[in-house]
Amino acid sequence: MNWEAISAIGQLVGALAVVVSLIYVTREIRSNALSARLASVCTINRWLGQLATNPHLADVWHRGIRDCESLKEPDRETFNGFILQLFHIFNEMYYEQLEGHLDSRLWREIETPCAA
């Protein structure tokens with residue numbers, strides 16, 4: 001039995017295993033980045049969905065945006081909590097954008113002020 005041939009075969013098998021592992025890791029990283037991008041969109045959609053499905057919350061939101069001082073308790077608490085939730089969503093999206101995990105098209109929509 002030729003030990004050099006066995007050693008060469010072992011090295012070849014090891015090199016193939018490394019290549020397969022790198023391909024696997026690359027695919028997992030891409031999949032994870034896509035999941036992070038989709039999670040941000042889903043978070044915004046859930047937040048907007050609260051407005052669409054809860055008439056009282058939509059009313060508090062619109063009154064609070066127009067004149068926050070006119071809100072009485074507990075509507076003021078509701079409005080403040082909803083604004084805080086939105087702030088945290090944007091904060092998380094900002095850090096995702098800094099790390100390159102957020103779709104640049106979505107960030108452009110957030111960063112560009114609305115025309116009034």
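The values are calculated or read from the model by the stated rules, or taken from the named source; none is laboratory data. Being a predicted model, the structure only gives us computed values, none of them experimental. Note: ideal-geometry Cβ built from the backbone for every residue, glycine included; neighbour counts use all protein chains shown.
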When residues of region 63-76 are filtered for being assigned to a helix (DSSP H, G or I), loosely packed, with under 12 Cβ neighbours inside 10 Å and not aliphatic (A, V, I, L, M), how many remain? 3
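Based on this model, can you work out whether HIS56 counts as surrounded by fewer than 13 Cβ atoms within 10 Å (Cβ to Cβ), without any contact (Cβ under 8 Å) to a residue 60 or more places away in the chain, under 21 Å from the mean Cα position of the chain (by Cα) and assigned to a helix (DSSP H, G or I)?
Values: surrounded by fewer than 13 Cβ atoms within 10 Å (Cβ to Cβ): yes; without any contact (Cβ under 8 Å) to a residue 60 or more places away in the chain: yes; under 21 Å from the mean Cα position of the chain (by Cα): no; assigned to a helix (DSSP H, G or I): yes.
Criteria not met by HIS56.
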Within the bounds of region 95-105, is there any residue that is under 14 Å from THR43 (Cα atoms) and free of Cβ contacts under 8 Å to residues at least 24 places away in the same chain? no
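Rundown of residues vs (1) part of a helix (DSSP H, G or I); (2) loosely packed, with under 12 Cβ neighbours inside 10 Å; (3) modelled with pLDDT of 85 or more, yes/no style:
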{"site": "ALA17", "(1), (2), (3)": "yes, yes, yes"}
{"site": "ARG27", "(1), (2), (3)": "yes, yes, no"}
{"site": "ARG30", "(1), (2), (3)": "yes, yes, no"}
{"site": "ASN45", "(1), (2), (3)": "yes, yes, no"}
{"site": "GLN50", "(1), (2), (3)": "yes, no, yes"}
{"site": "GLU92", "(1), (2), (3)": "yes, no, yes"}
{"site": "LEU102", "(1), (2), (3)": "no, no, no"}
{"site": "PRO113", "(1), (2), (3)": "no, yes, no"}
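Can you name the residue in region 77-90 that is touching a residue at least 24 places away in the same chain (Cβ under 8 Å) and under 17 Å from TRP107 (Cα atoms) and is also surrounded by the fewest Cβ atoms within 10 Å (Cβ to Cβ) among such residues? Explain how you work it out, then say what you get.
Of all residues in region 77-90, those touching a residue at least 24 places away in the same chain (Cβ under 8 Å) come to 82, 85-86, 89.
When the remaining residues are screened for being under 17 Å from TRP107 (Cα atoms), the result is 86, 89.
On the way: LEU86: 14, ILE89: 16.
Across region 77-90, the extreme among qualifying residues is LEU86.
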